[in-house]
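The values are calculated or read from the model by the stated rules, or taken from the named source; none is laboratory data. Not measured: the values here are computed from a predicted model. Neighbour counts run over all protein chains shown; Cβ positions are idealised from the backbone, glycine included. Please note that ligands, DNA and RNA were not included when accessible areas were found on the heavy atoms of the full protein model with its side chains. Shrake-Rupley method; radii C 1.70, N 1.55, O 1.52, S 1.80 Å.
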Amino acid sequence: MANRGPSYGLSREVQEKIEQKYDPDLEQRLVDWIVAQCGGNLEKPQPGKQNFQKWLMDGTILCRLINSLYPRGKEPIKKIPETQMAFKQMEKISQFLQAAEAYGVTTTDIFQTVDLWEGKDMAAVQRTLMALGSLAVTKDDGQYKGDRDWFHRKAQGYRREFSQEQLRQGQSLIGLQMGSNRGASQAGMTGYGMHRQIM
């Protein structure tokens, strides 16, 4: 971790706002899900943001988590080395992020590696894990383990299929957004510059 002194002024205000977004209740739910998803041999961390960060920081648990959402033999991360080297641990976090994006997590929901590694924005880490859990529940492919009430289901798109005849008929209609001229006439109108009778 980078050794930085205390921040002052605007930097401090921004960091405090980021830290306020962190949810301790959500942390507990995410820990329970990760342990259930990865298997019972995983040890839970003590409650608290720093402990949650240290638990996930080497990237091993995150890689195991994303692999557990795929069937055996189709895991996106083939090798998860146990290492103490910082750049290798950050590489594992990056592999998790790429695999999460390939799984379907939107780019705006994905945290940056430094958010977890340096503990800059643990709320973003929570947001990514929530999005991953919601996707796993929504896919309903039998790989999700744990309580289904921990995450909300994402809305599914409803594709409509129209025949060529229906599409052709739709082209000849004028939508109501474009206005209508039904019932309109020029009766009673006078030309420009002419006098009107006012009674």
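Tabulated data
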quantity: Positions within the stretch 100-115 being part of a helix (DSSP H, G or I) and farther than 17 Å from Gln50 by Cα, in sequence order; calculated: Ala100, Glu101, Ala102, Tyr103, Thr107, Thr108, Asp109
quantity: Cross-chain or 6+ apart pairs with Cβ under 7 Å, the stretch 53-79 first and within 25 Å of Asp140 (Cα to Cα), then small (Gly, Ala, Ser) and outside any loop (DSSP other than H, G, I, E, B); calculated: Ile66/Ala99; Ile66/Ala100; Leu69/Ala136; Pro76/Ala99; Pro76/Ala102; Ile77/Ala99
quantity: Selected residue [farther than 24 Å from Lys120 by Cα, touching a Gly at 6+ places or on another chain (Cβ under 7 Å) and open to solvent by less than 20 Å² (accessible area, probe 1.4 Å)] from Gln37, Gln53; calculated: Gln37
quantity: Residues of the stretch 115-149 satisfying the condition of being open to solvent by 60 Å² or more (accessible area, probe 1.4 Å) and under 23 Å from Pro47 (Cα atoms); calculated: Lys120, Arg127, Lys145, Asp147, Arg148, Asp149
quantity: Subset of the stretch 108-166 (residues that are within 17 Å of Asp32 (Cβ to Cβ) and charged (D, E, K, R)); calculated: Lys145, Asp147, Arg148, Asp149
quantity: When residues of the stretch 19-44 are limited to those that are under 19 Å from Ile66 (Cα atoms) and in a loop (DSSP other than H, G, I, E, B), the one modelled with the lowest pLDDT; calculated: Gly40
quantity: Of all residues in the stretch 80-130 being among the basic types (Lys, Arg) and over 13 Å from Thr60 (Cα atoms), the one that is modelled with the lowest pLDDT; calculated: Lys120
